Amino acid sequence: DEFFHASKAMAEIMRTIEQAADTDATVLITGETGTGKDYLARCIHRLSSRRNHLFVKTNCPARASSLFESELFGHTKGAFTGADDRRIGRFELAHGGTIFLDEIAELPIGLQAKLLHILQDGQFERVGDSRPVQIDCRIIAATNKDLQEGIRAGTFREDLFYRLNIVSIHVPPLRERREDIPLLMRQLTLIQAREMNRPEPVYASRALERLGDYAWPGNVRELKNLVKRMVILRAGERISAEEVEKVIEASRPRGQRAHEDMASLRDSERQHIVKALARTRGVLGGSRGAAALLGLPRSTLQYRIRKLRIQPQD
């Protein structure tokens, strides 16, 4: 449900998923927190030939520990204090299926070497055992950090990066695909209303416009939470732009005001469009027009120009 979309960027991502899903290529998904990287990983698994086997998700911690190493690779009896029985790790659990390593940038450097061994040879060793275990699982990794910075800082292995980055998917933040917001709002509202068995609230057109002006620092996750609040508190009612802004402000950390985010976003967007129009000498359509330069449908750009009251002389 995170990926109802109208934007070219999301359409391209879905095409990439369809092309890559039924292969065993590793996939690296990047993007800000809340953009739906977990959901994309599950989409890849569901579309793959491994769909009838397990999808195993693991969050990578920043600190190395025998407990996490055991969680990933399993351990033999007596491998460390408290290891009273042999344990199957998450890689063995994902045999035949898919393992999703979230927050891969946090994986300790020592465990990165073991992950690289799996990617190269399809083998690993349980904690406390020197005998190799053969494994067949697809690896999908995700991060909200810049792995190139990690490579430069010495906290992430360059050879591991290239092994993971066979298929690369970058999920843009919601503020960069605002044309998706009205569709997402309607579809998420429908889903939540059905799940809660409540009548849907109805959004005024200006309310949807106001949502499009907001910066959405929490991305789709924040949007889903807003929808849940609306369905719970305003089921069956008409939602105005002012009410939407109140709900947004109430959900933000103290000291951060939604209208400031909106104003800043409007100014930034206006500058982008004005620069694109100047560069293309006012031409909107065509392969060299402002719409193509900005990665927007021409109709969307025309709407934003009217809404931001941009004049040709700007």
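The values are calculated or read from the model by the stated rules, or taken from the named source; none is laboratory data. Just so it is clear, the model here is predicted, and its values are computed rather than measured. Positions of Cβ are generated from backbone atoms using ideal geometry, with glycine treated the same way; all protein chains shown enter the neighbour counts. These area figures cover heavy atoms from the full protein model, side chains too; ligands, DNA and RNA do not enter into them. Shrake-Rupley method; radii C 1.70, N 1.55, O 1.52, S 1.80 Å.
What Rg and what Dmax come out for region 140-204 when only alpha-carbon atoms are used, in angstroms?
Values for region 140-204 (Cα only, Rg and Dmax): 19.2, 53 Å.
As a test question: what accessible area, to the nearest 10 Å², does HIS53 have when a 1.4 Å probe is rolled over all protein chains in place?
Roll a 1.4 Å probe over it and HIS53 shows about 100 Å².
Which of LEU284, LEU116, PHE100 sits farthest toward the positive end of the charge dipole of the chain, with +1 on the Cβ of Lys and Arg and -1 on the Cβ of Asp and Glu?
LEU284
Could you compute the net charge surrounding ARG288? Neighbours are other residues with a C-beta less than 12 Å from the C-beta of ARG288; K and R count +1, D and E count -1.
+2
Probe radius 1.4 Å, ligands and nucleic acids left out: which of ILE166, ILE99 has the largest accessible area, and how do the rest follow?
Largest to smallest exposure gives the sequence ILE166, ILE99.
From the convex hull of the Cα coordinates of region 86-130, what is the mean projected area in square nanometres?
Taking the Cα atoms of region 86-130, their convex hull projects to 3.7 nm² on average.
When the Kirkwood hydrodynamic radius is evaluated over all pairs of different C-alpha atoms of region 129-258, what value in angstrom, to one decimal, is obtained?
17.9 Å
Compute and list, largest first, the equivalent-ellipsoid semi-axes of the chain from the alpha carbon gyration tensor, each √(5λ) rounded to a whole angstrom.
43, 24, 18
What ranking of LYS8, LYS37, LYS57 comes out by heavy-atom accessible area, probe 1.4 Å, highest first?
In descending accessible area the options line up as LYS8, LYS57, LYS37.
Where does the charge balance sit around GLU176 when Lys and Arg score +1, Asp and Glu -1, over other residues with C-beta under 12 Å from its C-beta?
Counting the neighbours of GLU176, the net charge comes to 0.
Note down the accessible area of TYR303, probe 1.4 Å, to the nearest 10 Å².
Its accessible surface works out to 80 Å², give or take rounding.
Ignoring ligands, DNA and RNA, how do ARG126, ARG177, ARG270, ARG309 rank by accessible area with a 1.4 Å probe, largest first?
Correct descending sequence by accessible area is ARG309, ARG270, ARG126, ARG177.
How much accessible area does GLU237 have with a 1.4 Å probe, in Å² rounded to the nearest 10?
The value for GLU237 is about 80 Å².
What do you get for Rg/Rh over region 22-181 if you use C-alpha atoms and the Kirkwood form of Rh?
Here Rg/Rh amounts to 0.99.
Residue by residue through region 299-310, which ³J(HN,Hα) values in whole Hz follow from phi under the Karplus form 6.51 cos²θ - 1.76 cosθ + 1.60 (θ = phi - 60°), with glycine and proline marked x?
4, 5, 5, 4, 5, 5, 4, 5, 5, 8, 6, 7
Which ³J(HN,Hα) values in Hz, rounded to whole numbers, follow from the phi angles of region 127-143 under the Karplus curve 6.51 cos²θ - 1.76 cosθ + 1.60, where θ = phi - 60° and Gly and Pro get x?
The phi angles translate into 4, x, 9, 9, 7, x, 10, 7, 9, 10, 8, 8, 10, 10, 10, 9, 7 Hz.
Which log10 I(q)/I(0) values, to two decimals, does region 97-172 give at q = 0.12, 0.13, 0.21 Å⁻¹ under the Debye formula with one point per Cα?
So the normalised log intensities work out to -0.35, -0.41, -1.00.
For the chain, compute the number of Lys pairs whose alpha carbons are separated by less than 29 Å, excluding pairs fewer than 8 positions apart on the same chain.
28
Karplus couplings for region 206-211 from phi (6.51 cos²θ - 1.76 cosθ + 1.60, θ = phi - 60°), rounded to Hz, Gly and Pro as x?
5, 5, 5, 4, 5, 4
Considering only VAL202, GLY218, GLN192, whose Cα is most displaced toward the positive end of the charge dipole of region 186-236, charges sitting on Cβ of Lys, Arg (+1) and Asp, Glu (-1)?
The residue sitting farthest along the positive end of the dipole is GLN192.
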